[in-house]
Amino acid sequence: MTSASAGLIVLLLFVVFAVIVIVRTVRIVQQQTSLIIERLGKFSRTLEGGLHFLVPFVDKVRANVDLREQVVSFPPQPVITSDNLVVNIDTVIYYSVIDSKSAVYEIANFIQGIEQLTVTTLRNVIGSLDLEQTLTSRDQINAQLRGVLDEATGKWGIRVNRVELKAIDPPRSVQDSMEKQMRAERDRRATILTAEGVKQSAILTAEGDKQSQILRAEGSAQARILEAQGQSRAITQVFEAIHRGKPDQKLLAYQYLQVLPQLARGDANKLWIIPSELTEALKGIGSALGGKEIEDPTDKWVDTGEVMPTAFDETTLEDPAQALAEARDQAAGASAEAEGHATKSQWRTQTSGRPAADSAEDQASALHDSELHTSGDIDHGA
């Protein structure tokens with residue numbers, strides 16, 4: 001080996017040594033990162049973010065600690081509640097390192113320490129609660145866990161920011177019972193809501209029927225009141241017109257004769273009896289047509305002033321002779337109908353005896369005599 005080759009090797013070794021020295025001397029620390037430096041096996045200092053120089057072969061980096069907030073999820077842990085039910089609980093821990101030296105030198109593995117501390121604290125907290133409270137008191141459990149963990153990990157340089165229960169899984173049998181209970185509760189609520197809907201519907205229907213009946217009753221009452229008021233006005237006007245005119249016996253007899261045809265009208269009338277007042281009415285008409293009658297000086301038309309329009313203003317009186325002829329025709333028709341009725345009655349009662357037939361014949365004879373007597377009186381009056 002020549003001297004030139006030996007010099008080249010030495011130069012290369014020197015370059016390599018220089019590079020190693022530079023690498024071990026210059027350190028660039030990232031933001032939110034902390035380096036624990038030991039000098040000759042003893043803690044020297046903590047390096048934060050930035051450019052730093054170390055003593056080569058004297059200073060050594062013990063640990064690189066991340067200062068950002070960390071999230072760690074622990075596997076499900078079986079926990080027994082106060083009512084002796086085993087539930088599996090998953091927990092999530094949010095923590096951050098606030099003291100790198102304590103996190104490195106106070107505990108060998110702070111992640112494992114946090115996990116075991118979480119499990120034991122969780123069992124203590126859940127052991128005092130039953131299943132129902134465990135399922136409905138997550139915020140309370142989280143607060144208790146965070147308080148215990150933050151106090152215990154403070155000396156490790158760890159700050160527990162938040163603890164969350166990710167899942168609480170009761171036994172399968174309990175889950176089935178809870179599902180049945182929930183389904184029954186929902187069915188009960190649905191039934192109650194349906195019943196309330198039916199109730200409201202029935203109430204509204206009853207209210208509607210009540211209002212409609214009230215309105216119909218009010219309408220009927222108003223209609224009857226209006227009808228009664230109309231009849232009252234009509235009667236009042238007729239009454240005033242009659243008393244204003246002071247009608248005599250002649251007019252009343254004539255009006256009586258006009259009403260007689262209406263008494264015999266109808267399909268159900270089998271027997272028409274002429275009232276006894278007909279004779280007096282015909283006498284009044286006879287005296288009006290040809291007889292003499294002493295007039296009462298006080299029985300005259302009285303003018304009471306302004307005459308109110310009445311229903312009789314447009315009424316036209318019929319001819320007395322024509323009215324008399326109509327009355328005679330009505331009487332003859334009634335007599336014939338009575339005789340026919342008597343004949344039928346006699347035929348029906350032949351087997352039961354004679355009195356019914358005699359009575360019918362007597363009635364027909366009486367009606368015929370009355371008619372003849374009435375006609376004679378009318379002729380005599382004429």
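Quick note: the coordinates plus some simple rules give every number you see, no bench work behind them. What you see is a predicted model; the values in this text were computed from it and never measured. In this analysis, Cβ positions are derived from the backbone assuming ideal geometry, glycine residues included, and neighbour counts consider all displayed protein chains.
Name the residue, out of Val97, Val65, Val55, Val92, that is more than 60 Å from the chain's Cα centre (by Cα), under 16 Å from Arg146 (Cα atoms) and touching a residue at least 24 places away in the same chain (Cβ under 8 Å).
Val97
Does Val174 satisfy being touching a Leu at 6+ places or on another chain (Cβ under 8 Å), in contact (Cβ under 8 Å) with a residue 12 or more places away in the chain and either acidic (Asp, Glu) or surrounded by 11 or more Cβ atoms within 10 Å (Cβ to Cβ) (or both)?
Numbers: touching a Leu at 6+ places or on another chain (Cβ under 8 Å): yes; in contact (Cβ under 8 Å) with a residue 12 or more places away in the chain: yes; either acidic (Asp, Glu) or surrounded by 11 or more Cβ atoms within 10 Å (Cβ to Cβ) (or both): yes.
So Val174 passes the test.
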> Only one of (1) in contact with a Ser or Thr (Cβ under 9 Å, 6 or more places away or on another chain); (2) part of a strand (DSSP E or B) fails for Arg162. Which number is that?
Replying inline: (1)
> Taking region 96-149 as the search range and keeping residues that are among the charged types (D, E, K, R) and assigned to a helix (DSSP H, G or I), which one is surrounded by the fewest Cβ atoms within 10 Å (Cβ to Cβ)?
Replying inline: Asp139
> In region 74-89, what residues are under 51 Å from the mean Cα position of the chain (by Cα) and surrounded by fewer than 17 Cβ atoms within 10 Å (Cβ to Cβ)?
Replying inline: Pro76, Pro78, Ile80, Ser82, Asp83, Asn84, Leu85, Val86, Asn88
> From the list Thr81, Thr134, Thr121, which one is without any contact (Cβ under 8 Å) to a residue 40 or more places away in the chain and over 30 Å from Ile20 (Cβ atoms)?
Replying inline: Thr121
